[in-house]
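Novice: Here's a structure for you.
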Amino acid sequence: MHYDAWFRDADSGTGRWELDEIIYRSPSGGLLEVAHDLEALKGRTAAGWMKLWDGRYKRTQWPFSSGVWGKKEMVLPNIPDADIVSLDEGGTNLFWAERFGRELGVKDLWVKQCGVSHTGSFKDLGMTVLVSQVNHMMKRGKHNILGVACASTGDTSAALAAYCAAAGMTSVVLLPHGKISPAQLIQPIANNSLTLALDTDFDGCMDLVQQLTEDKKLYLANSMNSLRVEGQKTVGIEIIQQFDWELPDWIFIPGGNLGNVSALYKGFEEIRELGIISRIPRIVCCQAEAANPLYLAYKSGWKEFHAITAKETQASAIRIGNPVSRTKAIKALMKHDGRVEQASEQELADATARADRTGLFNCPHTGVALAALIKFVARGEVKPTDRVVVVSTAHGLKFGNVKADYHMGKLPGIVSTYANPPVQLAADRQAVYDAVMRHMEKSFG
Ligand SMILES: *Cc1c(COP(=O)(O)O)cnc(C)c1O
């Protein structure tokens, strides 16, 4: 069976450009999207697709063991397997947050651990697709591409650097100096990326990388490049697959540039077309109050959208004031009655720390989504029997500095209610014994 895919204008759903053209925007200035020949895909039944994907899921057959490439027919159907650059992304665990759920009064709470992956964030899902496609074009001598470049709030650059290093490709990353975590900075450095730390914010880096990639010698890897969305859309499909093809009621997902929330909807819309699901779960896009242009637009009843200058936030990977994928995201949220919520620095810090106490180890962005969930539960919008999934976008270890600052009481303006700082003691038997006893009394009364 032949499955076709091509770029088209995302706003109008029209036009056709081949996937091996270097094109990021349509002539109208809007974003592109990858279109699939859904009629051809419907040649297999819904049950047939589920069986095929289940048979591949986390098995060993290259490249289908990857959560992304296991669904190759609806990602990049025609790339030769030999050109795929995969680091076995996807297939991340779905954590039943039983204790935290009980604390909140939501029994059926799950956290999709996208950060438990090669570079520690969901960005791997999209980057495998983009780097594979560039690898495919370079191997065929198409376009004289010299390398791949991106602007990043830290996780995109880590993923780009790793996938390019694995494929032997040159990568260039533009980062806002001093605005990403030390772990995120060392990742592209270690993976031999040309790492440019610029005196600007993410939005400034984004402007520059678009100019840098204009002559097409460097391929642009930001999520305005719709190839990344094709990998990221598999996360929603995978969540449903992990529930044996049953739908959750709610999905909470942090949003910055809004590529990921757009991707989630795209995956759901496509598998609904294929008859695999009958409805689309209610999605809540969660923003930090310090970087909340989508929330403000939602509050205006979707009447207006204004780019803002994003302020400092613990959730540094979503510190974005002018999200590239806003049109796609707003269109999908409006169509499917999606919601938008925000969380203050205090709320996200506390939600992160509270959930960590129940066995999770969250990044601040996941904390934003957890804080939003807490608000939905308090308002009675999320019911005690609802099945809820929180998409955790990165591994907490990438943000160890922020997490440590919380527990040490060093986050400016934040009250560290759930702090658990280390107790420094002399190496003395009695001192240690006393400390343990004090702790036990506090814990058990
Ligand atoms: C990139 C990123 C996000 C935001 O995703 P968008 O597609 O930009 O909305 C959220 N959390 C983390 C950890 C990220 O790296």
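The values are calculated or read from the model by the stated rules, or taken from the named source; none is laboratory data. Bear in mind that the values here come from a model prediction, so they are computed numbers and not experimental data. Cβ: placed from backbone, ideal geometry, glycine included. Neighbour counts: every protein chain shown. The accessibility values were calculated without ligands, DNA or RNA, using every heavy atom of the protein model including side chains. Shrake-Rupley method; radii C 1.70, N 1.55, O 1.52, S 1.80 Å.
Novice: For the range 348-434, which whole percent of the accessible surface, found with a 1.4 angstrom probe, sits on carbon and sulfur atoms? The partial results should precede the final answer.
Specialist: Details: 2350 of 4120 Å².
On the range 348-434, the fraction of accessible area on carbon and sulfur atoms equals 57 percent.
Novice: Kindly write out, for the range 138-143 in residue order, the coupling ³J(HN,Hα) from the Karplus curve 6.51 cos²θ - 1.76 cosθ + 1.60 (θ = phi - 60°), rounded to whole Hz, with x marking Gly and Pro.
Specialist: Per-residue couplings from phi come out as 5, 4, 8, x, 7, 6 Hz.
Novice: Put +1 on the Cβ of each Lys and Arg and -1 on the Cβ of each Asp and Glu in the chain; which of A161, Q424, S28 then has its Cα farthest toward the positive end of the dipole?
Specialist: Q424
Novice: Just the number please: accessible area per residue for the range 122-214, 1.4 Å probe, all protein chains included, in Å². Can you show the working numbers first?
Specialist: Numbers: 3420 Å² over 93 residues.
It amounts to 37 Å² per residue over the range 122-214.
Novice: Cα-based Rg of the range 289-361 per 2.2 N^0.38 Å, rounded to two decimals? Please report the intermediate quantities before stating the final value.
Specialist: Working: Rg = 13.9 Å, N = 73, 2.2 N^0.38 = 11.2 Å.
That works out to 1.24 for the range 289-361.
Novice: Given the C-alpha atoms of the range 280-408, compute the convex hull and give its volume per residue in Å³. Could the numbers behind the result be given before it?
Specialist: Values: hull volume 14.7 nm³, N = 129.
It is 114 Å³ per residue.
Novice: Scan around S152 for amide H atoms under 5 Å from its own, H built in the peptide plane at 1.01 Å from N, and keep only partners 5 or more places away or cross-chain.
Specialist: So S152 has HN proximity to L174.
Novice: To continue, here is another question. Pull out a ≥ b ≥ c, the square roots of the eigenvalues of the alpha-carbon gyration tensor of the range 205-308, then state rounded if a/c is under 1.5, prolate if not and a/b is larger than b/c, and oblate in the remaining case. Please report the intermediate quantities before stating the final value.
Specialist: Details: a/c = 2.60, a/b = 1.34, b/c = 1.94.
It comes out oblate by the Cα gyration axes.
Novice: Under 5 Å between amide H atoms, partner at least 5 residues away or on a different chain: which partners does D108 have, H built in plane at 1.01 Å?
Specialist: V388
Novice: With the cut-off at 1.5 for a/c, could you classify the range 362-445 from its C-alpha gyration tensor as rounded, prolate or oblate? Working shown, then result.
Specialist: Values: a/c = 2.77, a/b = 1.81, b/c = 1.53.
Note, shape of the range 362-445 comes out prolate.
Novice: Of all the accessible heavy-atom surface of the range 19-173, with the other protein chains kept in place and a 1.4 Å probe, what percent is carbon and sulfur?
Specialist: Roughly 51 percent of what the probe reaches on the range 19-173 is carbon or sulfur.
Novice: Roughly speaking, to the nearest percent, how much of the range 284-337's 1.4 Å accessible area is carbon and sulfur?
Specialist: Details: 1180 of 2410 Å².
Reported share for carbon and sulfur atoms: 49 percent.
Novice: On average, how much area does the Cα convex hull of the chain cover when viewed from any direction, in nm²? It would help to have the intermediate numbers written out before the result.
Specialist: Values: hull surface 91.6 nm².
So the mean shadow area of the Cα hull is 22.9 nm².
Novice: If amide H atoms are built 1.01 Å from N in the plane of the peptide, which residues on other chains or at least 5 residues away come under 5 Å of the amide H of Q342?
Specialist: Excluding prolines and chain starts, which carry no amide H, the hits are Q287.
Novice: Another question about this same structure. For the range 264-306, what is the accessible area per residue in Å² when the probe is 1.4 Å?
Specialist: Values: 1680 Å² over 43 residues.
It amounts to 39 Å² per residue over the range 264-306.
Novice: Still on this structure: From zero up to wherever the largest Cα-Cα distance of the range 125-254 sits, split into 5 Å bins and tell me the percent of pairs in each.
Specialist: Whole-percent P(r) values from 0 Å outward: 2, 11, 19, 20, 18, 12, 8, 6, 3, 0.
Novice: At 1.4 Å probe size, with every protein chain present, just tell me what the per residue accessible area of the range 1-82 comes to in Å². Before the final figure, lay out each step's value.
Specialist: Working: 3870 Å² over 82 residues.
Normalised by residue count, the accessible surface of the range 1-82 is 47 Å².
Novice: I'd like the Karplus ³J(HN,Hα) series for the range 426-436: coefficients 6.51, -1.76, 1.60, θ = phi - 60°, whole numbers in Hz, and an x wherever there's a Gly or Pro.
Specialist: Rounded to whole hertz, the list is 5, 6, 10, 4, 5, 4, 5, 4, 4, 5, 5.
Novice: Please quote Rg/Rh for the range 1-159 to two decimal places, taking the Kirkwood radius as Rh and restricting both calculations to Cα atoms. Intermediate values should be presented prior to the final figure.
Specialist: Values: Rg = 18.1 Å, Rh = 17.9 Å.
Ratio of gyration radius to Kirkwood radius: 1.01.
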